[in-house]
1. Considering only the stretch 391-401, I want to know if a residue exists there that is assigned by TED's automatic domain parsing to the domain that holds THR464 and part of a strand (DSSP E or B).
2. So is ALA121 touching a Cys at 6+ places or on another chain (Cβ under 8 Å), crowded, with 19+ Cβ neighbours inside 10 Å and either in the same structural domain as GLU233 (by TED's automatic domain parsing) or modelled with pLDDT of 95 or more (or both) or not?
3. Could you grab the pairs with beta carbons closer than 6 Å, sequence gap of 6+ or different chains, first residue in the stretch 579-605 and free of Cβ contacts under 8 Å to residues at least 24 places away in the same chain, second one surrounded by fewer than 18 Cβ atoms within 10 Å (Cβ to Cβ) and assigned to a loop (DSSP other than H, G, I, E, B)?
4. Tally the residues that are within 21 Å of THR544 (Cα to Cα), part of a loop (DSSP other than H, G, I, E, B) and either touching a Cys at 6+ places or on another chain (Cβ under 8 Å) or of a type outside the set (Ser, Thr, Tyr) (or both), restricting the search to the stretch 487-520.
5. HIS546 passes all but one of (1) in contact (Cβ under 8 Å) with a residue 12 or more places away in the chain; (2) within 33 Å of the chain's Cα centre (by Cα); (3) not in a strand (DSSP E or B); which number fails?
6. Examine the stretch 340-353 for a residue that is of a type in the set (A, V, I, L, M, F, W, C), crowded, with 19+ Cβ neighbours inside 10 Å and within 28 Å of ARG269 (Cα to Cα), and state whether such a residue exists.
7. Residue by residue through the stretch 57-101, note down the ones that are of a type in the set (Ser, Thr, Tyr), under 24 Å from the mean Cα position of the chain (by Cα) and crowded, with 22+ Cβ neighbours inside 10 Å.
8. Restricting the search to the stretch 356-390, which residues are at pLDDT 95 or above, under 24 Å from the mean Cα position of the chain (by Cα) and either β-branched (Val, Ile, Thr) or not in a loop (DSSP other than H, G, I, E, B) (or both)?
Amino acid sequence: MWARDAAEMVATGITWVRIGEFAWSRLEPDPGRFTFDWLDRAIDVLSSAGLKIVLGTPTCTPPRWMLERFPDMLARDASGQLRKFGSRRHYCFSHAGYRAASADIAAVLGDRYGRDARIHAWQIDNEYGCHDTILSYSEAARDAFRLWLRDRYGEITALNEAWGNVFWSMEYRDFDEIELPNLTVTQANPSHDMAFRRFSSDQVVAYHTAQADVLRARTDAPLLHNYMGRVLEFDHFDVGASLDIATWDSYPIGFLSDRLEGTAEHKARFLQQGDPDMQAFHHDLYRAVGRDGRWWVMEQQPGPVNWAPHNPAPLPGMVRLWSWEAFAHGAEVVSYFRWRQAPFAQEQMHAGLKRPDNAAAPGLAEVARVAREIAQMPDAGTAAARVALIFDYPSAWAWDVLPQGTGFSYFRLMLDAYRALRRRGLSVDIVPSSTSDLSGYALALAPGLASMPDALCAALAGRTALVGPRSNAVTDELCIPDPMGPSLPGLDVTATRVESLPPTHERPVKGGGSVGLWCETLEGTAECLFETEAGAPVLIGDGTLHYLGSWPDAALWDRIIRALAAKADLDVEDLPEGLRLRDTPSHRFVFNYGSKPVAYKDQVVEPADVVWWPHASC
């Protein structure tokens, strides 16, 4: 079967395969006893057929015997419940023993295959954060957190002052008195919780780096990790610092049902296509995470999945559309999960390119078509966009800890801004908040940045930029600064009061659109550009730098983007619903996420279809 599979993969146009990422119990069935014969054979079969191999470290699935070695390696959830063996990701990032064991198995694999020319890349672990596994409330996490706090604050008096622990008599006499911020009577101190989020992200980085370091010493092949969609609990940029290629796992239909807010009408309209902007957002995000912009899709949904609340099949053509959209955003590789649908265990209802009985599933023909089209098309490359969207993982933690109102989500705010740009036909680069150079961008947006580095504020100067809402509103310790935010150089505005509104309440804005969910009272001398019908400032500016004090609806976002684009000399379009563009150096790609044909540039784009033209033809 293996040889037939490899030959059929090649005939389909597949060039990369990933193996081994869950195989620890077969690699090391008993402690210290390794069995490589099956893996050697698999590598030989696949490579002999002409396939390039990504070999995974199996640390996402420690074998059962590992619990005998480290009975306390399991994570605990926020309610204190043990997260037991019997599925996957059953480990705590803070457990020093398991971290060392993970580095050891990576070293064993690196020693055997690190200089093997048939292994073209290495994947470290699998999907950090999947199944809510970043925040662990185990004893190992508590002990490591105390050490992390000692290193960060030095003296307990400094921690007490930074956190404002005089409030409610929360002051500590020693770091060993500090517990994890769960199971408190009411809300834990936000500064305590925010510190725990930073610590938890650092633990992922330390765990990941332990494997990256041992592999880096044993192979020259690229190192990568497959991130997830809307998993924000750790800083992907920090993990990416030790990688060569960022990859992510794209499940458009699963994410629409499982990970996105939206009206019932919106979800029904894109039930079998996925949200028109969710995948593109992550393509642009992981292009920023990858070194020198290198990124892949490691798992592309090829059919119905098994893990979302509802799991419809993609419309015919969507697997091809998703693949081409990734390539248009600069992907080097699109890999499909999986080749054959498994007939057993948790993912037996997760479709592959082949059915469990080995017949072709619908996605296989679309993958073959994409391969034929790639062979006929010159390398499109990746064009730098003229619009930057600033992204910051700690801001997501800050607003999770202190939302000040149900529904305030950093990711949702970012996606709203991204959607507004894409509805106007603009290509977007996502840029980390650590950037100090925005010179290549005509327009930059920084929504919801909890704390803004001075270098970023300086980089925003001199170009058309939008900051807010809720930007530069807190310190790194999640306390209100003095002076109060947004404290933007050259822009006289202060957010003196905030309101969070229920989703049933909106405030109309003069000229069209409305604001809701989050509204700030803005005071200062900066010019008011948009205001509510009641006269409250919504958007203020000084000619180039602008501050948005409320959360706009789609209609108001469109007005704001159009106004900013005009100032930045950017051409915008009014795209039909569900139609999206992406420009590369040589081509314009047009994607129809809708269920009806759409006319664009005198050509009809069919539902679930992608077309492209050389720029000279656009």
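1. Quick first cut of the stretch 391-401, residues assigned by TED's automatic domain parsing to the domain that holds THR464 only: 391-401.
Imposing the further condition that a residue be part of a strand (DSSP E or B) reduces the set to 391.
Yes, the stretch 391-401 has at least one match.
2. Numbers: touching a Cys at 6+ places or on another chain (Cβ under 8 Å): no; crowded, with 19+ Cβ neighbours inside 10 Å: yes; either in the same structural domain as GLU233 (by TED's automatic domain parsing) or modelled with pLDDT of 95 or more (or both): yes.
No: the conditions fail for ALA121.
3. PRO597/GLU606; VAL598/PRO576; VAL604/PRO597
4. The total comes to 6.
5. Here HIS546 meets the rest and fails (3).
6. Taking the stretch 340-353 and keeping what is of a type in the set (A, V, I, L, M, F, W, C), we get 342, 344-345, 349, 351, 353.
With crowded, with 19+ Cβ neighbours inside 10 Å added as a condition, the list becomes 351, 353.
Next, only the ones that are within 28 Å of ARG269 (Cα to Cα) stay: 351, 353.
Taking every residue of the stretch 340-353 in turn, at least one turns out to be of a type in the set (A, V, I, L, M, F, W, C), crowded, with 19+ Cβ neighbours inside 10 Å and within 28 Å of ARG269 (Cα to Cα).
7. At the first step, the residues of the stretch 57-101 found to be of a type in the set (Ser, Thr, Tyr) are 57, 59, 61, 79, 87, 91, 94, 98.
Filter once more, keeping what is under 24 Å from the mean Cα position of the chain (by Cα): 57, 59, 61, 87, 91, 94.
Selection gives THR57, THR59, TYR91, SER94.
8. Answer for the stretch 356-390, where residues must be at pLDDT 95 or above, under 24 Å from the mean Cα position of the chain (by Cα) and either β-branched (Val, Ile, Thr) or not in a loop (DSSP other than H, G, I, E, B) (or both): VAL387, ALA388, LEU389, ILE390.
The values are calculated or read from the model by the stated rules, or taken from the named source; none is laboratory data. Remember, it's a predicted structure, so these values are computed and weren't measured experimentally. Don't worry about glycine lacking a Cβ; one is built from the backbone with ideal geometry, like all the others, and counts go over all protein chains shown.
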